[in-house]
Amino acid sequence: QLDPKTGWVVAGHGVLQPRVTPSLPIGSQSSLFQWAFSGPNGLDPYTFAVSDVYQDFFDEGSFVGKGIYDIDAFERALDKRIPENSILSHDLLEGTFARAALASDVEVVEEFPSRYDVELSRQHRWVRGDWQLLPWIFGFGSSRKTTIKKLHLPALGRWKMIDNLRRSLSAPALLLSLLCGWLLPPAAAMRWTLFLFAVIAVPPLLPIVTGILPTRRGFSRRSHLRNLARDTLLALTQLLFTISFLARVAYLSLDAIVRTLFRVFCSGRHLLEWVTFAQSAYTKRGGSYRALAFQLLGSFAFAGVAATVIHLQAPDSISTGAPFLALWAFSPLIARWASQSPKTE
(Lines give C-alpha, C1' and ligand atoms only; values in the text may rest on other atoms or scores of the structure.)
Protein backbone atom coordinates (compact mmCIF):
# COMPACT_ATOMS: atom_id res chain seq x y z
CA GLN A 1 0.00 0.00 0.00
CA LEU A 2 1.47 3.35 -1.11
CA ASP A 3 0.83 6.72 0.45
CA PRO A 4 -0.92 8.83 -2.23
CA LYS A 5 0.80 12.01 -1.05
CA THR A 6 4.43 10.93 -0.57
CA GLY A 7 4.49 7.83 -2.77
CA TRP A 8 6.19 5.74 -0.06
CA VAL A 9 5.15 2.17 0.65
CA VAL A 10 3.45 2.52 4.05
CA ALA A 11 1.99 -0.98 4.47
CA GLY A 12 3.20 -4.31 3.20
CA HIS A 13 6.56 -4.55 1.48
CA GLY A 14 7.83 -3.75 -1.99
CA VAL A 15 11.05 -5.73 -1.55
CA LEU A 16 11.86 -9.06 0.08
CA GLN A 17 15.52 -9.10 1.15
CA PRO A 18 17.04 -12.55 1.85
CA ARG A 19 19.95 -13.21 4.17
CA VAL A 20 23.30 -12.73 2.40
CA THR A 21 26.06 -14.96 3.75
CA PRO A 22 29.64 -15.44 2.52
CA SER A 23 30.48 -18.72 0.85
CA LEU A 24 32.93 -21.20 2.31
CA PRO A 25 36.55 -20.62 1.24
CA ILE A 26 37.25 -23.28 -1.37
CA GLY A 27 39.79 -23.98 -4.09
CA SER A 28 43.09 -22.33 -4.87
CA GLN A 29 41.65 -18.82 -4.42
CA SER A 30 41.10 -19.18 -0.67
CA SER A 31 43.35 -17.49 1.87
CA LEU A 32 43.83 -17.15 5.62
CA PHE A 33 42.06 -13.77 5.52
CA GLN A 34 39.06 -15.26 3.75
CA TRP A 35 38.93 -18.17 6.20
CA ALA A 36 39.04 -15.81 9.17
CA PHE A 37 36.23 -13.50 8.09
CA SER A 38 33.93 -15.58 5.88
CA GLY A 39 32.90 -17.90 8.70
CA PRO A 40 31.16 -21.28 8.61
CA ASN A 41 28.07 -20.07 6.75
CA GLY A 42 26.03 -21.57 3.98
CA LEU A 43 25.63 -25.01 5.55
CA ASP A 44 22.15 -25.04 7.03
CA PRO A 45 19.75 -22.11 6.54
CA TYR A 46 17.72 -23.18 9.58
CA THR A 47 20.72 -23.51 11.91
CA PHE A 48 22.04 -20.09 10.88
CA ALA A 49 18.68 -18.29 10.76
CA VAL A 50 19.14 -14.77 12.08
CA SER A 51 16.99 -11.95 13.36
CA ASP A 52 17.05 -8.26 12.54
CA VAL A 53 16.22 -5.52 15.03
CA TYR A 54 14.49 -3.31 12.48
CA GLN A 55 12.43 -6.20 11.12
CA ASP A 56 11.43 -7.41 14.58
CA PHE A 57 10.45 -4.04 16.05
CA PHE A 58 9.34 -2.04 13.01
CA ASP A 59 8.36 -4.75 10.48
CA GLU A 60 10.91 -3.26 8.08
CA GLY A 61 14.33 -4.67 7.14
CA SER A 62 17.21 -3.17 5.18
CA PHE A 63 17.59 -3.68 1.44
CA VAL A 64 21.18 -4.52 0.46
CA GLY A 65 20.68 -4.95 -3.26
CA LYS A 66 19.61 -8.59 -3.59
CA GLY A 67 16.02 -9.66 -3.37
CA ILE A 68 12.59 -10.12 -4.87
CA TYR A 69 10.65 -6.94 -5.50
CA ASP A 70 7.26 -5.87 -6.74
CA ILE A 71 8.12 -4.04 -9.96
CA ASP A 72 5.08 -1.75 -10.04
CA ALA A 73 5.33 -0.75 -6.38
CA PHE A 74 9.08 -0.27 -6.66
CA GLU A 75 8.77 1.95 -9.73
CA ARG A 76 6.02 4.06 -8.22
CA ALA A 77 7.87 4.54 -4.93
CA LEU A 78 11.13 5.54 -6.68
CA ASP A 79 9.70 7.45 -9.65
CA LYS A 80 11.58 10.78 -10.00
CA ARG A 81 12.73 10.34 -6.43
CA ILE A 82 16.54 10.34 -6.79
CA PRO A 83 18.47 12.91 -8.85
CA GLU A 84 20.56 11.47 -11.65
CA ASN A 85 24.24 10.61 -10.99
CA SER A 86 24.09 11.50 -7.32
CA ILE A 87 23.80 8.29 -5.31
CA LEU A 88 26.41 5.52 -5.12
CA SER A 89 24.90 3.34 -2.36
CA HIS A 90 21.32 3.28 -3.57
CA ASP A 91 20.13 0.03 -1.95
CA LEU A 92 19.30 1.35 1.51
CA LEU A 93 17.64 4.42 0.02
CA GLU A 94 15.50 2.35 -2.33
CA GLY A 95 14.52 -0.05 0.46
CA THR A 96 13.47 2.90 2.62
CA PHE A 97 10.92 4.13 0.08
CA ALA A 98 9.84 0.71 -1.18
CA ARG A 99 9.80 -0.73 2.38
CA ALA A 100 11.93 -3.85 2.44
CA ALA A 101 11.31 -6.96 4.52
CA LEU A 102 13.92 -9.44 5.73
CA ALA A 103 13.16 -13.02 4.66
CA SER A 104 15.58 -14.79 6.99
CA ASP A 105 14.60 -18.27 5.79
CA VAL A 106 15.84 -17.45 2.27
CA GLU A 107 19.59 -17.30 1.80
CA VAL A 108 21.81 -15.91 -0.93
CA VAL A 109 25.42 -17.11 -0.81
CA GLU A 110 28.05 -14.84 -2.32
CA GLU A 111 31.82 -14.97 -2.51
CA PHE A 112 33.87 -13.21 0.16
CA PRO A 113 37.11 -11.52 -1.00
CA SER A 114 40.20 -13.68 -0.52
CA ARG A 115 42.50 -10.65 -0.55
CA TYR A 116 42.51 -7.91 2.02
CA ASP A 117 43.12 -5.14 -0.52
CA VAL A 118 39.96 -6.15 -2.40
CA GLU A 119 37.90 -6.10 0.78
CA LEU A 120 39.40 -2.74 1.76
CA SER A 121 38.49 -1.29 -1.63
CA ARG A 122 34.93 -2.50 -1.18
CA GLN A 123 34.70 -1.03 2.32
CA HIS A 124 36.08 2.29 1.01
CA ARG A 125 33.35 2.42 -1.63
CA TRP A 126 30.68 1.61 0.95
CA VAL A 127 31.83 4.43 3.23
CA ARG A 128 31.80 6.88 0.32
CA GLY A 129 28.29 5.77 -0.54
CA ASP A 130 27.08 6.16 3.04
CA TRP A 131 28.39 9.73 3.32
CA GLN A 132 26.89 10.70 -0.02
CA LEU A 133 23.52 10.36 1.68
CA LEU A 134 24.14 13.37 3.93
CA PRO A 135 21.75 15.59 1.89
CA TRP A 136 19.05 12.99 2.42
CA ILE A 137 19.76 12.68 6.14
CA PHE A 138 19.44 16.42 6.74
CA GLY A 139 16.68 16.90 4.15
CA PHE A 140 18.25 19.66 2.09
CA GLY A 141 19.10 20.05 -1.58
CA SER A 142 17.12 19.60 -4.74
CA SER A 143 17.69 18.78 -8.39
CA ARG A 144 16.31 20.00 -11.68
CA LYS A 145 16.04 16.38 -12.76
CA THR A 146 13.50 15.49 -10.12
CA THR A 147 10.10 16.91 -9.22
CA ILE A 148 10.82 16.36 -5.51
CA LYS A 149 11.74 19.78 -4.10
CA LYS A 150 13.08 18.47 -0.81
CA LEU A 151 14.93 15.23 -0.26
CA HIS A 152 12.46 13.98 2.33
CA LEU A 153 13.05 10.65 4.05
CA PRO A 154 11.13 8.47 6.51
CA ALA A 155 12.44 8.76 10.06
CA LEU A 156 13.48 5.10 10.31
CA GLY A 157 15.41 5.27 7.04
CA ARG A 158 17.18 8.42 8.23
CA TRP A 159 18.19 6.63 11.44
CA LYS A 160 19.64 3.69 9.48
CA MET A 161 21.78 6.07 7.44
CA ILE A 162 23.01 7.84 10.58
CA ASP A 163 23.91 4.45 12.04
CA ASN A 164 26.01 3.71 8.94
CA LEU A 165 27.88 6.99 9.48
CA ARG A 166 28.51 6.00 13.08
CA ARG A 167 29.92 2.65 11.98
CA SER A 168 32.28 4.31 9.51
CA LEU A 169 33.65 6.53 12.31
CA SER A 170 34.22 3.70 14.79
CA ALA A 171 37.73 2.79 13.56
CA PRO A 172 39.05 6.40 13.57
CA ALA A 173 37.49 6.99 17.00
CA LEU A 174 39.00 3.80 18.41
CA LEU A 175 42.42 4.63 17.00
CA LEU A 176 42.30 8.15 18.42
CA SER A 177 41.19 6.81 21.80
CA LEU A 178 44.15 4.43 21.95
CA LEU A 179 46.64 7.13 21.00
CA CYS A 180 45.24 9.58 23.56
CA GLY A 181 45.20 6.88 26.24
CA TRP A 182 48.90 6.23 25.82
CA LEU A 183 49.60 9.86 26.74
CA LEU A 184 48.29 9.16 30.25
CA PRO A 185 50.41 7.94 33.18
CA PRO A 186 51.38 4.23 32.93
CA ALA A 187 48.69 2.83 35.25
CA ALA A 188 45.89 4.81 33.62
CA ALA A 189 47.23 4.04 30.13
CA MET A 190 47.22 0.31 30.89
CA ARG A 191 43.65 0.37 32.24
CA TRP A 192 42.42 2.39 29.25
CA THR A 193 44.19 0.09 26.79
CA LEU A 194 42.73 -3.03 28.43
CA PHE A 195 39.26 -1.48 28.26
CA LEU A 196 39.58 -0.66 24.56
CA PHE A 197 41.10 -4.07 23.89
CA ALA A 198 38.02 -5.61 25.50
CA VAL A 199 35.82 -3.48 23.22
CA ILE A 200 37.60 -5.00 20.21
CA ALA A 201 37.76 -8.53 21.64
CA VAL A 202 34.21 -9.01 22.87
CA PRO A 203 32.50 -9.48 19.46
CA PRO A 204 34.73 -12.35 18.21
CA LEU A 205 35.20 -13.97 21.66
CA LEU A 206 31.63 -13.76 22.93
CA PRO A 207 30.43 -16.81 20.90
CA ILE A 208 33.32 -18.80 22.43
CA VAL A 209 32.20 -17.96 25.96
CA THR A 210 28.58 -18.84 25.23
CA GLY A 211 29.64 -22.05 23.49
CA ILE A 212 31.76 -23.54 26.27
CA LEU A 213 28.82 -25.60 27.47
CA PRO A 214 27.15 -27.68 24.71
CA THR A 215 23.59 -26.63 23.95
CA ARG A 216 22.56 -29.90 22.28
CA ARG A 217 22.91 -33.55 23.12
CA GLY A 218 24.40 -36.28 20.99
CA PHE A 219 27.95 -34.90 20.70
CA SER A 220 30.96 -36.52 22.29
CA ARG A 221 33.09 -34.46 24.63
CA ARG A 222 36.07 -34.88 22.32
CA SER A 223 34.15 -33.59 19.33
CA HIS A 224 32.82 -30.61 21.32
CA LEU A 225 36.30 -29.67 22.54
CA ARG A 226 37.72 -29.97 19.03
CA ASN A 227 35.07 -27.66 17.62
CA LEU A 228 35.55 -25.26 20.53
CA ALA A 229 39.31 -25.16 19.91
CA ARG A 230 38.74 -24.49 16.20
CA ASP A 231 36.31 -21.66 16.94
CA THR A 232 38.73 -20.19 19.48
CA LEU A 233 41.52 -20.20 16.90
CA LEU A 234 39.20 -18.52 14.42
CA ALA A 235 38.21 -15.83 16.95
CA LEU A 236 41.83 -15.13 17.91
CA THR A 237 42.78 -14.84 14.24
CA GLN A 238 39.95 -12.35 13.68
CA LEU A 239 41.09 -10.40 16.75
CA LEU A 240 44.69 -10.28 15.53
CA PHE A 241 43.69 -9.07 12.08
CA THR A 242 41.24 -6.50 13.47
CA ILE A 243 43.91 -4.92 15.67
CA SER A 244 46.61 -5.13 12.98
CA PHE A 245 44.46 -3.40 10.37
CA LEU A 246 42.90 -0.80 12.69
CA ALA A 247 45.15 2.10 11.68
CA ARG A 248 44.79 1.31 7.97
CA VAL A 249 41.01 1.03 8.20
CA ALA A 250 40.84 4.30 10.12
CA TYR A 251 42.95 6.07 7.49
CA LEU A 252 40.87 4.79 4.59
CA SER A 253 37.62 5.64 6.38
CA LEU A 254 38.77 9.23 6.86
CA ASP A 255 39.99 9.32 3.26
CA ALA A 256 36.60 8.16 2.00
CA ILE A 257 34.77 10.68 4.20
CA VAL A 258 36.90 13.65 3.12
CA ARG A 259 36.71 12.68 -0.56
CA THR A 260 32.94 12.38 -0.37
CA LEU A 261 32.40 15.68 1.43
CA PHE A 262 34.49 17.48 -1.18
CA ARG A 263 32.74 15.80 -4.09
CA VAL A 264 29.22 16.29 -2.74
CA PHE A 265 29.53 19.90 -1.57
CA CYS A 266 32.32 21.30 -3.78
CA SER A 267 33.22 19.59 -7.06
CA GLY A 268 30.12 17.48 -7.74
CA ARG A 269 32.28 15.06 -9.76
CA HIS A 270 33.20 11.38 -9.49
CA LEU A 271 30.20 10.64 -7.27
CA LEU A 272 29.63 7.29 -8.99
CA GLU A 273 33.31 6.26 -9.09
CA TRP A 274 33.68 2.59 -8.22
CA VAL A 275 35.41 -0.63 -9.22
CA THR A 276 33.38 -3.82 -9.38
CA PHE A 277 34.27 -6.69 -7.08
CA ALA A 278 35.01 -8.92 -10.06
CA GLN A 279 37.35 -6.37 -11.63
CA SER A 280 39.29 -5.67 -8.44
CA ALA A 281 39.51 -9.37 -7.58
CA TYR A 282 41.21 -10.24 -10.86
CA THR A 283 43.85 -7.52 -10.78
CA LYS A 284 47.44 -8.48 -10.03
CA ARG A 285 47.31 -10.60 -6.90
CA GLY A 286 48.59 -8.75 -3.87
CA GLY A 287 49.57 -5.66 -5.84
CA SER A 288 53.05 -4.64 -6.94
CA TYR A 289 56.11 -4.47 -4.72
CA ARG A 290 56.24 -0.74 -5.34
CA ALA A 291 52.76 -0.32 -3.86
CA LEU A 292 53.76 -2.50 -0.92
CA ALA A 293 56.85 -0.33 -0.36
CA PHE A 294 54.73 2.84 -0.27
CA GLN A 295 52.30 1.21 2.16
CA LEU A 296 55.16 0.18 4.43
CA LEU A 297 56.62 3.66 4.24
CA GLY A 298 53.32 5.16 5.34
CA SER A 299 52.69 2.63 8.12
CA PHE A 300 56.23 2.98 9.52
CA ALA A 301 55.97 6.78 9.36
CA PHE A 302 52.68 6.76 11.26
CA ALA A 303 53.96 4.32 13.91
CA GLY A 304 57.21 6.28 14.24
CA VAL A 305 55.49 9.64 14.70
CA ALA A 306 53.05 8.17 17.21
CA ALA A 307 55.87 6.51 19.17
CA THR A 308 57.86 9.76 19.20
CA VAL A 309 54.94 11.80 20.53
CA ILE A 310 54.17 9.22 23.21
CA HIS A 311 57.84 9.04 24.23
CA LEU A 312 58.02 12.82 24.57
CA GLN A 313 54.73 13.21 26.46
CA ALA A 314 54.56 9.99 28.53
CA PRO A 315 57.81 7.99 28.19
CA ASP A 316 56.76 5.46 30.82
CA SER A 317 53.61 4.54 28.83
CA ILE A 318 55.37 3.71 25.55
CA SER A 319 55.62 0.03 26.52
CA THR A 320 51.81 -0.19 26.71
CA GLY A 321 51.33 0.93 23.14
CA ALA A 322 54.42 -0.72 21.66
CA PRO A 323 52.69 -4.02 20.62
CA PHE A 324 49.93 -2.10 18.84
CA LEU A 325 52.38 0.24 17.11
CA ALA A 326 54.45 -2.73 15.93
CA LEU A 327 51.41 -4.44 14.43
CA TRP A 328 50.36 -1.21 12.69
CA ALA A 329 53.86 -0.68 11.30
CA PHE A 330 53.96 -4.16 9.76
CA SER A 331 50.27 -4.30 8.82
CA PRO A 332 50.93 -4.18 5.02
CA LEU A 333 53.13 -7.27 5.32
CA ILE A 334 50.53 -8.99 7.52
CA ALA A 335 47.80 -8.19 4.99
CA ARG A 336 49.90 -9.49 2.10
CA TRP A 337 50.76 -12.68 3.97
CA ALA A 338 47.13 -13.29 5.01
CA SER A 339 45.94 -12.79 1.41
CA GLN A 340 48.23 -15.44 -0.08
CA SER A 341 46.48 -18.48 -1.52
CA PRO A 342 47.71 -21.91 -0.47
CA LYS A 343 49.86 -23.75 -2.96
CA THR A 344 48.11 -26.71 -4.55
CA GLU A 345 49.76 -29.82 -5.94
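Suppose we filter G129, G141, G157 for residues that are at pLDDT 85 or above, over 24 Å from Y251 (Cα atoms) and not polar (S, T, N, Q); which single one remains? None of the other options fit; the residue is G157. Within segment 175-196, residues that are closer than 16 Å to P323 by Cβ sit with their Cβ atoms under 6 Å from residues that are of a type in the set (A, V, I, L, M, F, W, C) and open to solvent by 70 Å² or more (accessible area, probe 1.4 Å), at 6+ positions apart or across chains, in these pairs: G181/W192. If the condition is being in contact with a helix residue (DSSP H, G or I) (Cβ under 6 Å, 6 or more places away or on another chain), within 22 Å of F112 (Cα to Cα) and part of a loop (DSSP other than H, G, I, E, B), then segment 6-25 contributes only P25.
May I ask you to list the residues in segment 92-116 that are more than 17 Å from R19 (Cα to Cα) and in a helix (DSSP H, G or I)? Listed by number, the residues that qualify are L93, E94, T96, F97, A98, Y116. Take the conditions free of Cβ contacts under 8 Å to residues at least 24 places away in the same chain, open to solvent by less than 80 Å² (accessible area, probe 1.4 Å) and hydroxyl-bearing (S, T, Y) and apply them to S267. Does it pass? So S267 fits the description; yes.
The values are calculated or read from the model by the stated rules, or taken from the named source; none is laboratory data. Everything numeric here is computed off the predicted structure, so don't read it as measured data. When we count neighbours, we look across all protein chains shown, and the Cβ atoms used for this are built from the backbone with ideal geometry, even at glycine. When the accessible area is computed, the model is the full protein with side chains, heavy atoms only, and any ligands, DNA or RNA have been set aside. Shrake-Rupley method; radii C 1.70, N 1.55, O 1.52, S 1.80 Å.
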